[in-house]
Amino acid sequence: TKIALDKYEGHPIIRGGKCEQIEGNGTPRNVVLEFPSYEHALGYAKSTEYAEAKALREGAGTIDITVVEGV
C-alpha cells in the first residue's frame, strides 16, 4: 500500500504498539493513517493501488477500515 499511501499523501501516525482494550471488542493490532483530507482518505481506500495490495492480503487475516473526518 506504499504506492497508494504516497499517491494520496497518507502517512501512519499509529502502527501497532502497546495497547489495552478498555471497552468493546477491539483488536490486538491497530493502525491509524492520516491524510490531508477526507477525500484523500476515501481515494486511498477505494484506489486500484490499494485493491492490488488488498488482493494479496486476502485470506491472511481480517481487517476493519473506517474513514473518519478529523477536526
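A few points about this structure:
- Hits in the range 54-65 (condition: of a type in the set (D, E, K, R) and free of Cβ contacts under 8 Å to residues at least 12 places away in the same chain): LYS54, ARG57, GLU58
- Residues that are in a loop (DSSP other than H, G, I, E, B) and open to solvent by 100 Å² or more (accessible area, probe 1.4 Å), drawn from the range 8-20: GLU9, LYS18, GLU20
- Positions within the range 21-41 being in a loop (DSSP other than H, G, I, E, B) and under 10 Å from the mean Cα position of the chain (by Cα), in sequence order: ASN30
- Among residues of the range 27-53, those that are without any contact (Cβ under 8 Å) to a residue 12 or more places away in the chain and of a type in the set (D, E, K, R), counted: 3
- Summed over the range 42-64, residues that are open to solvent by less than 100 Å² (accessible area, probe 1.4 Å) and outside any helix (DSSP H, G or I) total 5.
The values are calculated or read from the model by the stated rules, or taken from the named source; none is laboratory data. Quantities reported herein were computed from a predicted structural model and do not represent experimental measurements. Neighbour counts are summed over all protein chains in view; Cβ atoms, including those assigned to glycine, are modelled from backbone coordinates with ideal geometry. Just the protein is used for accessible areas: all its heavy atoms, side chains included, with ligands, DNA and RNA removed. Shrake-Rupley method; radii C 1.70, N 1.55, O 1.52, S 1.80 Å.
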